[in-house]
Amino acid sequence: MSLPNALPPDLLRALRDKTETLWVNDRYQPRAQGDFEGAETMQQAAARLQRHADVMARIFPELREAAGQVQSPLLPLAQLQAELDTRQGAAGTWYLKCDHALPVAGSVKARGGFHEVLSFAERLLDAHAAKTGDAVPALDSAEARALFSTYTVAVGSTGNLGLGIGTISAALGFRAVVHMSSDAKQWKKDRLRANGTDVVEHAGDYARAVDAGRQLADSDPHAYFVDDEQSEALFLGYAVAADELAAQLHAAGRSVDAAHPLFVYLPCGVGGAPGGIAYGLKQRFGEFVHCVFAEPVASPCMLVQLASGSDAPLSVYDIGLDNRTEADGLAVGLASPLVAPLMRDLLAGVFTVEDDRLFRDIHALATTENVLIEPSAAAGFSGPRWLTDTAAGLALLDRIGARAALPHATHVLWSTGGALVPQAEHDRFQARGLALSTAAAH
Ligand SMILES: *Cc1c(COP(=O)(O)O)cnc(C)c1O
């Protein structure tokens with residue numbers, strides 16, 4: 001373990017006090033593309049999702065209309081921007097990338113999770129065909145299901161990854177086991193159990209649930225563990241979102257170039273989803289896209305890891321934080337050791353956000369745009385303000401040469417979860433957001 005004094009004293013104090021903070025990454029190189037050297041590429045991941053789109057449309061009726069594509073809308077945010085943008089449009093135009101509405105999984109976890117389970121299923125079928133000498137069976141054939149039923153797909157999760165992996169695994173015929181942390185929401189456990197997934201609850205946090213799941217799966221040759229802290233298949237599946245966003249920005253007439261920079265604000269838990277997306281965006285848009293992560297004040301694991309300047313693991317507990325937040329999707333104490341090093345030179349910065357602000361912002365989104373999301377999904381909403389209204393943000397814009405182009409910038413707030421949240425939960429979230437907003441107005 002590194003010592004917390006690896007962090008600058010002012011930063012450490014702000015983090016310990018849970019004061020909302022922007023950390024600007026001195027090592028950020030706008031032209032860096034991340035030196036990811038995996039067994040596959042994001043193009044292969046995109047091709048895999050494409051290859052199985054027909055099967056996905058057959059097993060999930062909600063994907064039929066989209067021909068099996070797991071995609072989400074890009075929504076202009078004129079009303080929300082009028083409410084929250086301190087610059088009132090003078091610093092660019094806001095959009096919402098609606099991954100809260102991704103079909104089947106209802107969260108950003110869909111692309112990565114589906115990609116990983118599909119790639120495991122392919123490997124099993126290929127090995128099976130090599131053994132029998134027959135053709136590779138179709139993914140949704142009776143033969144494939146019979147094979148899959150002898151395997152368990154396991155995952156550790158604060159909730160949404162479990163929902164994604166559990167749902168597709170069960171639909172393909174696997175036995176699914178989701179190891180959940182004590183902070184996972186009850187409705188997520190209930191929903192998984194109703195889908196036929198085994199839910200194992202662990203006292204302790206997300207890392208404990210992942211570790212327990214990994215150990216159980218290791219001891220069973222017919223178990224496959226989706227490792228949220230280490231998985232390349234998840235990472236590349238998330239990266240595929242970049243192509244989708246590129247097509248949507250193009251369709252909306254939004255250029256991305258030196259005169260039209262793109263800023264993307266991504267809620268970060270362990271780092272896999274935002275890291276994969278940031279990596280994909282860098283491959284796609286190079287020096288013209290700038291990614292910023294957002295984390296709860298109690299769980300800034302990526303901020304702490306990157307600001308330490310070292311690959312030696314440093315957790316939020318190590319600096320005296322408790323990792324307790326209402327943003328359950330982001331309640332992670334230690335950043336992914338796969339993703340953190342990749343972000344070292346391709347991430348512009350990380351900011352923290354108080355839970356109360358998350359509730360105010362989901363309430364603002366509901367009242368202005370009539371869109372309901374979960375608290376974690378609003379973590380990035382103060383991103384534009386951090387960049388354009390603080391000395392640190394403006395210094396960053398100057399360093400990357402993006403300040404003059406701000407009026408033509410596109411800001412994408414990445415919304416990461418919410419479509420499966422029961423109405424009663426939304427009602428509670430909104431009531432709390434309303435109460436906080438009313439209190440703040442007085
Ligand atoms: C998982 C999750 C994230 C972040 O993804 P990580 O891979 O954990 O960083 C963000 N928002 C929601 C709603 C999530 O479920």
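For V270, V199, V104, V155, the sequence from fewest to most other C-beta atoms within 10 Å is V199, V104, V270, V155. Summarising the label geometry, the points placed 7 Å from Cα in the beta-carbon direction at A39 and D198 lie 2.5 nm from one another.
Please work out the FRET efficiency for the pair A82 and A405, using the Cβ-Cβ distance as r and a Förster radius of 30 Å; give the result to the nearest 0.05.
Here the calculated transfer efficiency is 0.85.
Calculated FRET efficiency, A6 to R58, Cβ-Cβ distance, R0 = 35 Å: about 0.10 to the nearest 0.05. Put in order of Cβ neighbour count within 10 Å, fewest first, the listed residues K189, K109 become K189, K109. Each of Y265, Y238, Y317 has some number of other Cβ atoms within 10 Å of its Cβ, and from fewest to most they run Y317, Y265, Y238. Taking Lys and Arg as +1 and Asp and Glu as -1, the other residues whose beta-carbon sits under 9 Å from that of G173 total +1. Taking the charge dipole of the stretch 352-442 about its Cα centre, with +1 at Lys and Arg Cβ atoms and -1 at Asp and Glu Cβ atoms, the residue from A391, L372, G433 reaching farthest to the positive side is A391. Treating r as the C-beta distance of A439 and E65 and R0 as 51 Å, the FRET efficiency rounds to 0.75.
Stretch R123-R27 to full length: gain in nm at 0.36 nm per residue minus the Cα-Cα span?
Stretched fully, the R123-R27 segment lengthens by 30.7 nm.
In this Cβ point-charge picture (+1 for Lys and Arg, -1 for Asp and Glu), the stretch 104-147 has a dipole of about 200 debye about its Cα centre.
Values in this text are rule-based calculations from the coordinates and carry no lab data. No experiment lies behind these values; they were computed from the predicted model shown. Using ideal geometry, Cβ is built from the backbone for each residue, glycine included, and neighbour counts are taken over all protein chains shown.
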